[in-house]
Amino acid sequence: MTTEEILGLLENVELVDLSQTIEEDMPVRIMQPRFYQNNIRDMGKGDVSYSNVLSMGEHLGTHADALSHIVHGALNIDQMDLRTWMGRALVIDVSHLEPCAKVPAELIKEWEGKNIPIKKGDIVCIYTGQDKLWGLRPNHKQFVENWRGLSVPAAEYLRDRGVKTVGTDATDIDANTPTNDLVAHHVLMTAGISIMENLANLSKLMPGPFAFLALPLKIRNGSGSPIRPVALLPR
C-alpha cells in the first residue's frame, strides 16, 4: 500500500474520540495523585507565548496499563509494542448488571452468540455505563464508586480467546469490591494482555466491530500512560 492510499483511507473515515478530558478536578481514585495545571507563560500578561506545567499520575484519566503495573519484571510502557493498542475492536454491554457486579463468562459467550465471535488479536471493550457518571469535583464521587468489572472466569475466557487488549469505561477492569484484589488484572497481564481504563463513548460503537487506535506516551520505565484512543469508522 502506498502513502497516498493510506492517506486516502484516513480522509474517508469518521473519528470517534474515546477519551475523557484531562482537566483539574477530574475524577481520581483514592490514593492516586490529582491533576494540576499551572500556568507559567501568559501572553495576556506580556509573555511571548502561552505554556503550562502539568502534574499527573501515569494512571490518570483515559490510560493504558503497562504489563509491569501488575507483573514484576514485565514490560514497561516504553517497551511495549504499539500494535497492542491498534486493531479490530468490539464493545460488550454489561451496563444492565447490578452495581459492583462481576461480569460472568457466560454473559460474554451469550454476547458472542447474539453478535460476533471474538477473534484472536481483538481489542475487547467492556461498556459498564460508568462513563455517564463522570463529573468534576465535587460531582466526581459517583464515578469512582460501585463500578462493574470482570470476574476471574470472564478474564480467563478473554485470555483463552486470544485477545490482546481489554478496555473499560470504568476506573478499573476489576469490579469495585471491599478487597480490591485486582484478580482480573492478574489473569490478563500475566498472559501479556494490556488493560485500558476510563474510556468514553463506547455506547456509540456497540457492538462493533470497528478499527481502534491509541498511543501511549513513551515514558521510560513507565507503569502506564495517558492515551488518546479513537475509533475509526467508514463514512
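The values are calculated or read from the model by the stated rules, or taken from the named source; none is laboratory data. Not measured: the values here are computed from a predicted model. All Cβ positions, even for glycine, are placed from backbone atoms using ideal geometry, and neighbour counts span all protein chains on display.
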| said: Checking the conditions here, which among 234, 207, 229 is at pLDDT below 95 and farther than 18 Å from residue 101 by Cβ? | reply: 234
| message | Quick check on residue 143: is it at pLDDT 95 or above, in contact with a Cys (Cβ under 9 Å, 6 or more places away or on another chain) and among the aromatic types (Phe, Trp, Tyr)? | response | no
| request: State yes or no: is residue 168 surrounded by 18 or more Cβ atoms within 10 Å (Cβ to Cβ), at negative phi, modelled with pLDDT of 95 or more and among the hydroxyl-bearing types (Ser, Thr, Tyr)? | output: yes
| What's the number of the condition residue 148 fails, among (1) closer than 26 Å to residue 19 by Cβ; (2) surrounded by fewer than 23 Cβ atoms within 10 Å (Cβ to Cβ); (3) of a type in the set (Lys, Arg)? | (2)
| said: Six or more apart or on different chains, Cβ atoms under 7 Å: show the pairs whose first residue is in the stretch 45-56 and free of Cβ contacts under 8 Å to residues at least 12 places away in the same chain and whose second is assigned to a loop (DSSP other than H, G, I, E, B). | reply: 50/42
| Looking at the stretch 79-93, which of its residues are crowded, with 22+ Cβ neighbours inside 10 Å and either of a type in the set (Gly, Ala, Ser) or over 15 Å from residue 166 (Cβ atoms) (or both)? | 89
| query | Can you name the number of the only condition in (1) in contact (Cβ under 8 Å) with a residue 60 or more places away in the chain; (2) closer than 17 Å to residue 154 by Cα; (3) of a type in the set (Val, Ile, Thr); (4) in a helix (DSSP H, G or I) that residue 108 fails? | reply | (1)
| note | Out of (1) out of contact with any strand residue (DSSP E or B) (no Cβ under 6 Å at 6 or more places or on another chain); (2) within 28 Å of residue 30 (Cβ to Cβ), the one residue 159 does not meet is (2)
| task | Assess whether residue 124 counts as being in contact with a helix residue (DSSP H, G or I) (Cβ under 7 Å, 6 or more places away or on another chain), closer than 20 Å to residue 58 by Cα, part of a strand (DSSP E or B) and touching a residue at least 12 places away in the same chain (Cβ under 8 Å). | result | no
| request: Can you give me the number of residues within the stretch 146-190 that are acidic (Asp, Glu) and touching a residue at least 12 places away in the same chain (Cβ under 8 Å)? | output: 4
| remark: Conditions (1) at pLDDT 95 or above; (2) on the phi > 0 side of the Ramachandran plot -> residue 31 fails only (1)
| query | Hey, residue 9 hits all of (1) in contact (Cβ under 8 Å) with a residue 12 or more places away in the chain; (2) surrounded by 11 or more Cβ atoms within 10 Å (Cβ to Cβ) but one; which does it fall short on? | reply | (1)
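So which of 160, 131 is farther than 26 Å from residue 16 by Cβ, at pLDDT 95 or above and surrounded by fewer than 24 Cβ atoms within 10 Å (Cβ to Cβ)?
160
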